[in-house]
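J.: Below is a structure I'd like to ask you about.
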Amino acid sequence: MKYIKSLAVAAMALTASMSSCDMGDFGDININPNKPGEAYTDMLYTYSAQWVRGFTMNSSGYDPWTQLRTGYIAESKNNQYGGLTNTVSFGTASYYYYYIKNLNTIIERNTNEETKNLISVTTFGDNANQIAVAKTLRAFYFMTLTDILGPLPYSEAFKGESDDIWSPKYDSQEDIYAALDADLVEAYGQFNTNGKLSAAEILYNGDISKWKKFNASLRMMMAIKMADVDPVNGKARFAKAYADGGMTEVADGFHYKFDASNADYSAWMYYVGNMSYSSRNENFVPNKFIVDALKEHNDPRMFSYFTLDGYKGKAEGDPSDINAYKGVPFGLASNDEVVSAAVGCASINATYCDAGATYGLITTARTLLVEAEAAVLGWIDADAETLYKAGIKASMDFQATYHTAVTKLGGETAVEDYLASEKIALSSDKQTALKQIVMQRFLAGFMTNAIESWSDWRRYNVPEMPMTEHQILEGNIAYPYRLTYDPSEKESNEDNTNAAIQQWLGGEDGLWKRVWWDVADNH
């Protein structure tokens, strides 16, 4: 991983240099032989690719809100975030200035006839694959950002130098989704399975066939969210992506492997700690919502996600007894109540706390369960129950491959017994079946891209996560439906931000304003 770290450092320097002033042509006098004179696309890509990790454990700071707000983890020593008064805004500047900008530069340099054959470009590999991968990863970023915030600068973004647009307008999420789908379809057709990418491609190790499956899966994930707001276009987009072929095997999943150089951004920092954050050891534990849901379903993933003998000490009880596991409620009144509730609670399993842990951002399990939802809706000609069970098994197999095998509650037959149980059988009632499928996405979503779990909750209120009296803000009795725009970004593009708020958010940049596809009155 030293290679990755050096590429990331170089990419930051190159990105900064790309926006520097033009000081004129002074010949070779200004050339430093010890520094690269132009942006290498492999370096730009690796730096951008590393930051997909931000949607699992989202920050090296003390607030993993993506896992807290979705019912997966809770605090055990403090009551800093249970009241929902922190992390109300979300900043996109780094995505626009660095991660997405880098991807745009890769596309431009591989498209431009004057640069596409330069060594700084060809070192990364096949031109077409660089373009297709960059477009697909860019779409992943934009999809996630718009699902967090709603309207965003899109059509006029990055047009400062070309069109002198330094204050871009915001586009509606509806328009962004349509543009992303079209961009992904174009990228899918550009992939060249006979072409190669270098070791700088750290997400799929240059496997283009897997990138194609991820591309199609992204399109399905966006399309399914349109079911309540634009089912006609949603169905058409979904059907095309499904025909192209999404993830089917565990290894197809969009995963991120941490290492010691970036472990501050994984669970390792929160549970094991390091020199900078040693006082924060053991601050986060299983949330009561996920623990209780696993108990309700007699789900053997309890033993893969959590342990009774971990960083919180040895909890009493039989480790093979699912009812011995305890999570901590979210939204208690005080530090003392949090500390008291955490006595005897379970710990998150060591495989998630390891500095080299693999996290699934978008897993094959999620893709298959999204397809199961589409089958229930009648959007595709497929058997919903087959896809539903395949999705559950893919989740179990992911655990066995990257974490801890699901073998308790019946030993080696735990998975088969679970799939055959009456509780898990898919209902013949449409609405019940849909909620079962979404619940399985929640159960499979621990330590993955929790923005997707949040999107599921916004659409279906699954799982039900009632707020406590200590979490009711502004008279609202549900968890936030979006985050607000970062104040500094609102100030820098004030007129366009205010116009977007007026046009698409009912005049208020509020936590309980809904994004475009969130129209179901489930809360």
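Residues checked against (1) of a type in the set (Lys, Arg); (2) surrounded by fewer than 18 Cβ atoms within 10 Å (Cβ to Cβ); (3) touching a helix residue (DSSP H, G or I) at 6+ places or on another chain (Cβ under 8 Å); (4) modelled with pLDDT under 95:
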| site | (1), (2), (3), (4) |
| --- | --- |
| ILE73 | no, no, yes, yes |
| PHE90 | no, yes, yes, yes |
| LEU103 | no, no, yes, no |
| ASN112 | no, yes, no, no |
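J.: Still on this structure, I have one more. Restricting attention to the range 404-421, which residues are part of a helix (DSSP H, G or I) and either of a type in the set (S, T, N, Q) or surrounded by fewer than 19 Cβ atoms within 10 Å (Cβ to Cβ) (or both)?
T.: Applying the first criterion (part of a helix (DSSP H, G or I)) to the range 404-421 yields 411-420.
Those that are part of a helix (DSSP H, G or I) and either of a type in the set (S, T, N, Q) or surrounded by fewer than 19 Cβ atoms within 10 Å (Cβ to Cβ) (or both): GLY411, GLU412, THR413, GLU416, ASP417, LEU419, ALA420.
J.: For the range 128-140, name all the residues that are surrounded by 21 or more Cβ atoms within 10 Å (Cβ to Cβ) and out of contact with any strand residue (DSSP E or B) (no Cβ under 9 Å at 6 or more places or on another chain).
T.: Step one: list which residues in the range 128-140 are surrounded by 21 or more Cβ atoms within 10 Å (Cβ to Cβ), which gives 129-140.
Passing the criteria: ILE131, ALA132, ALA134, LYS135, THR136, LEU137, ARG138, ALA139.
J.: Can you name the condition, by its number, that PHE442 falls short on among (1) assigned to a loop (DSSP other than H, G, I, E, B); (2) touching an Asp or Glu at 6+ places or on another chain (Cβ under 8 Å)?
T.: The single condition PHE442 does not satisfy is (1).
J.: Look through GLY82, GLY54 and report the one residue that is under 18 Å from the mean Cα position of the chain (by Cα) and buried (at least 19 other Cβ atoms within 10 Å of the Cβ). First the steps, then the outcome.
T.: On the way: GLY82 fails: under 18 Å from the mean Cα position of the chain (by Cα).
Among GLY82, GLY54, only GLY54 is under 18 Å from the mean Cα position of the chain (by Cα) and buried (at least 19 other Cβ atoms within 10 Å of the Cβ).
J.: So, restricting to helices (runs of 4 or more DSSP H) that lie completely within the range 251-344, which ones have at least 3 residues that are surrounded by fewer than 15 Cβ atoms within 10 Å (Cβ to Cβ) and either touching a strand residue (DSSP E or B) at 6+ places or on another chain (Cβ under 6 Å) or modelled with pLDDT of 90 or more (or both)? Quick ask: steps written out before the conclusion?
T.: Details: elements: 267-271, 288-296, 302-305, 335-341.
By residue number, 335-341.
J.: Suppose we keep only residues that are of a type in the set (Gly, Ala, Ser) and not in a loop (DSSP other than H, G, I, E, B) within the range 378-403. Which one would you say is surrounded by the most Cβ atoms within 10 Å (Cβ to Cβ)? Lay out the reasoning, then the answer.
T.: We begin by selecting, within the range 378-403, every residue of a type in the set (Gly, Ala, Ser); these are 378, 382, 384, 390-391, 394-395, 400.
Add one more test, that the residue is not in a loop (DSSP other than H, G, I, E, B), and what stays is 384, 390-391, 394-395, 400.
On the way: ALA384: 21, ALA390: 20, GLY391: 24, ALA394: 25, SER395: 30, ALA400: 15.
Ranking the candidates gives SER395 first.
J.: What are the residues in the range 162-178 that are under 26 Å from the mean Cα position of the chain (by Cα) and not acidic (Asp, Glu), if any?
T.: Let us first name the residues in the range 162-178 that are under 26 Å from the mean Cα position of the chain (by Cα), namely 168-178.
Residues satisfying the conditions are PRO168, LYS169, TYR170, SER172, GLN173, ILE176, TYR177, ALA178.
The values are calculated or read from the model by the stated rules, or taken from the named source; none is laboratory data. For clarity, every value in this text was computed on a predicted model and none was experimentally measured. All Cβ positions, glycine included, derive from the backbone under ideal geometry; neighbour counts span all protein chains shown.
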